[in-house]
Amino acid sequence: MSWGTELWDQFDNLEKHTQWGIDVLEKYIKFVKERTEIELSYAKQLRNLSKKYQPKKNSKEEEEYRYTSTRAFLATLNEMNDYAGQHEVISENMTSLITGELTRYVQELKQERKSHFHDGRKAQQHIETCWKQLEASKRRFERDCKEADRAQQYFEKMDADINVTKADVEKARQQAQLRHQMAEDSKAEYSSTLQKFNSEQHEHYYTHIPNIFQKIQEMEERRIVRIGESMKTFAEVDRQVIPIIGKCLDEITKAAESVDHKNDSQMVIEAFKSGFEPPGDIDFEDFTQPMKRTVSESSLSNSRGDGKSEPKFGSKSKGKLWPFIKKNKSPKQQKEPLSHRFNEFMTSKPKIHCFRSLKRGLSLKLGAGPEDFSNLPPEQRRKKLQQKVDELNRDIQKEMDSRDALTKMKDVYVKNPQMGDAASVDHRLAELGQNIEKLRLEVQKFEGWLAEVEGRLPARPEQPRRQSGVYEAQNASGVNSCAQDRESPDGSYTEEQSQETEMKVPATDFDDEFDDEEPLPTIGTCKALYTFEGQNEGTISVAEGEMLYVIEEDKGDGWTRIRRNEDEEGYVPTSYVEVYLDKNAKGAMTYI
């Protein structure tokens with residue numbers, strides 16, 4: 001089966017068909033190229049997706065990845081990153097093995113096709129020229145034959161006419177002979193040309209054209225084989241990465257199987273356990289006793305004295321409420337002006353010190369915590385201190401390793417002075433020694449705090465005291481001078497754990513009032529210029545454009561105290577609100 005013998009007369013159709021084959025090849029190249037672009041885009045999107053959900057370094061989100069479920073999710077993100085890399089490999093291999101190779105092959109194919117069809121056209125033009133020569137020889141032979149026939153007829157006519165002279169007859173005879181000779185010559189030329197044409201035609205249709213068409217057929221068959229091999233490569237490129245993709249999926253499955261709900265539950269306990277015991281029962285306070293007293297002056301004075309001491313100490317020692325329970329105010333407390341009780345409170349030095357301690361607690365809540373983590377519950381404080389000790393020990397080990405390396409270098413310099421000056425590392429060795437000493441002192445300090453906490457963690461023999469869900473950050477001096485329970489500006493309770501240095505401050509009317517003080521009077525309004533997410537204790541979240549009440553001006557620390565309703569108040573940055581103070585408002589307090 002050969003195109004040269006079967007399609008000897010289909011030159012134009014073969015030209016169209018081979019051009020169509022090149023178009024198909026170019027279309028396939030374009031298809032593969034778009035596939036590689038899709039693979040790259042998909043890989044990029046997968047990488048961006050994995051990066052988007054990766055935990056940020058040194059953030060709270062990173063701490064959440066200690067649970068088995070979140071670690072499995074992190075492993076999934078990492079495997080998806082590798083999964084994306086395999087799609088990039090697919091794109092690269094398809095570009096190099098298919099797109100690049102076929103593009104070069106198409107250029108070679110076009111040149112080869114052009115050469116073959118140029119030879120075909122040349123052979124076609126040659127046979128057409130031979131045909132034209134044959135036609136011209138044939139027409140000339142036909143013309144000469146007709147001219148010889150007419151000359152013969154004219155001679156015969158002249159010879160039969162008696163009136164024509166002998167000379168005219170002779171002339172006509174010679175003309176007829178000449179024409180006959182010319183006809184014979186044309187016949188011979190025509191015969192020669194015809195024989196030559198038949199030979200050329202036979203060679204054209206049985207030799208030249210079959211050879212050219214055979215080359216075109218081979219070219220077309222190579223193109224078909226090449227596109228088939230490219231399609232096979234297309235599948236092989238995908239098949240090569242299937243094991244790695246399968247391994248990625250196996251790792252994801254393995255990570256999912258490593259999720260341990262029991263372990264995560266235990267980690268929640270370790271993360272949030274405070275170490276406190278649940279609160280005990282609240283003692284009954286009998287307020288009907290004053291009704292049974294006598295009306296005498298002595299009994300009246302005694303009842304006044306009792307009325308001052310009993311309820312107060314009872315409420316302070318055993319009436320401490322849990323953070324989500326509000327204390328009821330006595331009628332006396334409700335009627336007594338807050339300004340009078342505040343002035344009375346400010347005249348007492350221990351309470352001034354306690355009040356300043358509470359202010360420091362608020363500032364610590366709005367900023368960084370204390371160095372000894374005293375603002376945390378005992379169990380959480382112990383964990384933080386242990387982490388700090390471990391971190392310092394690692395730093396000490398790093399410094400010691402550096403010192404050992406420098407010591408070895410110095411020994412080498414001493415033995416081989418040409419390699420360096422031994423005295424050049426003395427300064428660095430001294431610095432490392434100082435750093436190690438400082439770090440050891442830090443370790444001793446934190447180990448002391450850790451030992452103190454670990455000594456307090458066991459259950460106490462006395463009745464458990466009620467603790468707040470949120471701790472105020474207070475330093476040791478402020479807490480020792482303020483052993484009584486206080487409310488911080490955000491309404492959370494604080495209580496000092498130490499019993500050795502606890503000061504006993506006499507209870508007064510204002511003690512209970514400060515624990516359960518009436519809402520501060522409104523001194524103006526404000527409008528939120530920006531949205532503020534109050535995530536720290538003592539702050540309040542506000543939305544842009546929201547109108548709120550001002551209950552305390554900025555005292556120079558950059559914070560303004562506001563209220564939304566009876567139950568919601570807190571601090572916001574002064575720069576986030578526009579304050580409208582009421583000139584007639586009274587009762588605004590200035591804290592020192």
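The values are calculated or read from the model by the stated rules, or taken from the named source; none is laboratory data. Quantities reported herein were computed from a predicted structural model and do not represent experimental measurements. Note: ideal-geometry Cβ built from the backbone for every residue, glycine included; neighbour counts use all protein chains shown. Calculation scope for accessible area: heavy atoms of the full protein, side chains included, ligands and nucleic acids excluded. Shrake-Rupley method; radii C 1.70, N 1.55, O 1.52, S 1.80 Å.
Students sometimes get this wrong: rank 398, 555 by accessible area, probe 1.4 Å, all chains present, largest first.
Most to least solvent-accessible, the answer reads 398, 555.
Quick check on segment 114-256: take the gyration tensor over C-alpha atoms, sort the square-rooted eigenvalues as a ≥ b ≥ c, and tell me if it's rounded (a/c under 1.5), prolate or oblate.
Because a/c hits 1.5 or more and a/b exceeds b/c, segment 114-256 counts as prolate.
What is segment 64-126 by shape, rounded, prolate or oblate, if you read a ≥ b ≥ c off the alpha carbon gyration tensor as root eigenvalues and call it rounded for a/c under 1.5, prolate for a/b larger than b/c, and oblate otherwise?
In terms of gyration-tensor shape, prolate.
Ignoring ligands and nucleic acids, what accessible area does residue 66 show with a 1.4 Å probe (Å², nearest 10)?
Using a 1.4 Å probe on the heavy atoms, I get roughly 90 Å².
Be a star and scan segment 528-562 for residues whose amide nitrogen sits under 20 Å from the point 7 Å along the Cα-to-Cβ vector of residue 578.
The answer is 528-533, 542-554, 559-562, whose backbone nitrogens lie closer than 20 Å to the label point.
For the pair residue 441/residue 13, report the inter-label distance in nm, with labels modelled 7 Å from Cα in the Cβ direction.
The two pseudo-label positions are separated by 10.2 nm.
Over what distance in Å are the Cα centres of segment 138-163 and segment 531-582 separated?
133 Å
Could you sort 91, 191 by their accessible area in this structure, using a 1.4 Å probe and putting the largest first?
Listed by decreasing accessible area, they come as 191, 91.
7 Å from Cα along Cα→Cβ at both residue 522 and residue 199: what's the point-to-point distance in nm?
Calculated label separation equals 12.4 nm.
What is the gain in length, in nm to one decimal, between residue 232 and residue 191 on full extension, counting 0.36 nm per residue of separation less the C-alpha to C-alpha distance?
Gain in length upon complete extension: 8.8 nm.
To the nearest 0.05, how large is the calculated FRET efficiency for residue 133 and residue 20 if R₀ is 60 Å and r is the Cβ-Cβ distance?
So, using R0 = 60 Å, E works out to roughly 0.95.
Heavy-atom accessible area of residue 249 with all protein chains present, probe 1.4 Å, nearest 10 Å²?
Its heavy atoms expose roughly 90 Å² to the probe.
Given a 1.4 Å probe and every protein chain left where it sits, what share in percent of the accessible area of segment 41-176 is carbon and sulfur?
Reported share for carbon and sulfur atoms: 50 percent.
How much net charge surrounds residue 560 when only the other residues with a Cβ under 13 Å from the Cβ of residue 560 are counted, with Lys and Arg +1 and Asp and Glu -1?
For residues surrounding residue 560, the net value is -2.
Of 96, 2, 137, which has the most accessible area with a 1.4 Å probe, and how do the rest follow in descending order?
So, going from the largest accessible area down, we get 96, 2, 137.
Using a 1.4 angstrom probe on heavy atoms only, work out the carbon and sulfur share of the accessible area of segment 213-267 in %.
Here it works out to 57 percent.
If a/c stays under 1.5 just call it rounded; otherwise compare a/b with b/c (prolate if a/b is bigger, oblate if not). Do that for segment 45-87, with a ≥ b ≥ c from the square roots of the Cα gyration tensor eigenvalues.
Oblate, because a/c is 1.5 or more while a/b does not exceed b/c.
Using protein chains only and a probe of 1.4 angstrom, how many square angstrom of residue 542 are accessible, to the nearest 10?
Approximately 10 Å² for this residue.
Which cross-chain or sequence-distant (5 or more) residues have an amide H under 5 Å from the amide H of residue 551, H modelled 1.01 Å from N in plane?
Under 5 Å from the amide H of residue 551 lie the amide H atoms of 523, 561, 562, 563, each far enough along the sequence or on another chain.
Extension gain residue 406-residue 421, at 0.36 nm per residue separation less the Cα-Cα distance, in nm?
Difference between extended and current length: 4.2 nm.
With label points built 7 Å along Cα→Cβ from the Cα atoms of residue 107 and residue 282, find their separation and express it in nm.
Computed distance between label sites residue 107 and residue 282 equals 9.1 nm.
Mind jotting down the distance between the C-alpha centroids of segment 34-54 and segment 217-249, whole Å?
23 Å
Work out from phi, with θ = phi - 60° and the Karplus expression 6.51 cos²θ - 1.76 cosθ + 1.60, the ³J(HN,Hα) of each residue of segment 436-441, listed in order in whole Hz, and give x for Gly and Pro.
The phi angles translate into 5, 5, 4, 5, 5, 5 Hz.
I'd like the Karplus ³J(HN,Hα) series for segment 120-130: coefficients 6.51, -1.76, 1.60, θ = phi - 60°, whole numbers in Hz, and an x wherever there's a Gly or Pro.
Once rounded to whole Hz, the list reads x, 5, 5, 5, 5, 5, 5, 5, 5, 5, 4.
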